[in-house]
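Below is one structure, written out as structure tokens, with a few remarks after it.
The values are calculated or read from the model by the stated rules, or taken from the named source; none is laboratory data. Since the model is a prediction, treat every value here as computed from it, not as a measurement. Here the Cβ positions follow ideal geometry from the backbone for every residue, glycine too, while neighbour counts run over all protein chains shown.
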Amino acid sequence: MATTIHPTAIVEPGAQLGLDCEIMAYAVVTKHCVLGDRVVVHPFAVIGGDPQYLKFDRATAAGVRVGAGTVIREHVTINRSIHAGKNTVIGENCFMMAASHAAHDCEVGNNVVFANAALLAGHVSVGDHTFLGGGAAVHQFCRIGEGVMVAGHASITRDVPHFTMVAERDDVIGFNVVGLKRRGVARAAIAELKAAFQDVYFTAGNIREVAATLVASGKFTTVEARRFLEFFAGGKRSFARARRAESGSAEHGE
């Protein structure tokens with residue numbers, strides 16, 4: 001299974017390419033990159049370029065790792081880490097549509113889709129099976145959980161918990177039932193997630209404390225519901241807010 005490098009593509013000495021990769025014309029893969037098997041890089045993408053960080057020392061030995069089966073479309077940019085020995089990581093079977101961007105030190109899981117011009121600032125983490133809508137932008141150091149649906153043009157400045165949908169500016173509009181069903185998640189787990197979502201977002205009090213109390217109560221037993229609740233124990237930023245319920249239940253953040 002041969003790797004193909006088209007004429008005019010630039011693959012710098014030191015770059016590591018897996019089996020059956022394809023680097024198309026005018027794409028750039030720098031010496032700082034490790035690409036898994038079957039990675040496809042389309043024209044004018046730049047993988048492993050220097051981070052857009054004013055204090056960066058270009059002599060820093062830092063890189064980018066891209067997982068097997070990932071497709072990188074035209075004009076995508078993935079910047080290398082700012083820290084020696086560290087990598088910006090894109091997982092397996094991701095699809096980065098045209099002009100999307102992953103800044104330095106991002107960690108993107110598997111099966112993540114970036115629609116056109118979706119943008120991650122530095123140190124963002126994105127869970128498996130998440131979709132980032134066109135033109136969505138994520139603030140540095142934010143966590144986007146697993147199975148999240150981020151709407152087009154959304155502005156994300158807070159952490160977004162697993163299995164939710166988020167739009168506008170940090171506006172959680174529900175949980176991602178369609179995505180869960182497509183992945184074959186059991187009905188019992190979806191029902192518990194719905195209950196956990198309601199309890200976390202529409203119970204008065206500090207959201208971290210509410211989630212911790214629910215975890216400790218033993219009320220929720222499915223893996224998915226517990227993962228959703230445990231998300232609120234981590235991170236340093238506040239959390240995306242739920243829309244105010246029609247019943248008048250108060251939304252709350254951290």
Subset of region 169-217 (residues that are in contact with a Ser or Thr (Cβ under 7 Å, 6 or more places away or on another chain), surrounded by 14 or more Cβ atoms within 10 Å (Cβ to Cβ), among the charged types (D, E, K, R) and outside any helix (DSSP H, G or I)): ASP170
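Scanning region 1-27 for residues that are in a loop (DSSP other than H, G, I, E, B) and β-branched (Val, Ile, Thr), which turns out nearest to VAL64 (Cα to Cα)?
Going through region 1-27, the residues in a loop (DSSP other than H, G, I, E, B) turn out to be 1-3, 6-9, 12-15, 18-21, 24-27.
Adding the requirement that they be β-branched (Val, Ile, Thr) leaves 3, 8.
Working: THR3: 19, THR8: 22 Å.
Result: THR3.
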Residue tally, condition without any contact (Cβ under 8 Å) to a residue 40 or more places away in the chain and assigned to a loop (DSSP other than H, G, I, E, B), over region 28-41: 4
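Are any residues in region 5-59 among the polar types (S, T, N, Q) and more than 16 Å from HIS83 (Cα to Cα), and if so, which ones? Explain how you work it out, then say what you get.
Here is the first cut: in region 5-59, the ones among the polar types (S, T, N, Q) are 8, 16, 30, 52.
Residues satisfying the conditions are THR8, GLN16, THR30.
Given the structure, is ARG38 modelled with pLDDT of 95 or more, among the basic types (Lys, Arg), over 24 Å from THR130 (Cα atoms) and over 17 Å from the mean Cα position of the chain (by Cα)? Break it down into steps so the answer makes sense when it comes.
Details: modelled with pLDDT of 95 or more: yes; among the basic types (Lys, Arg): yes; over 24 Å from THR130 (Cα atoms): no; over 17 Å from the mean Cα position of the chain (by Cα): yes.
When the stated conditions are applied, ARG38 does not pass them.
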Residue among ALA196, ALA189, ALA211, ALA151 that alone is out of contact with any Lys or Arg (no Cβ under 8 Å at 6 or more places or on another chain) and farther than 29 Å from GLU92 by Cβ: ALA211
Where VAL185 falls short, out of the listed (1) without any contact (Cβ under 8 Å) to a residue 24 or more places away in the chain; (2) outside the structural domain of VAL76 (by TED's automatic domain parsing): (1)
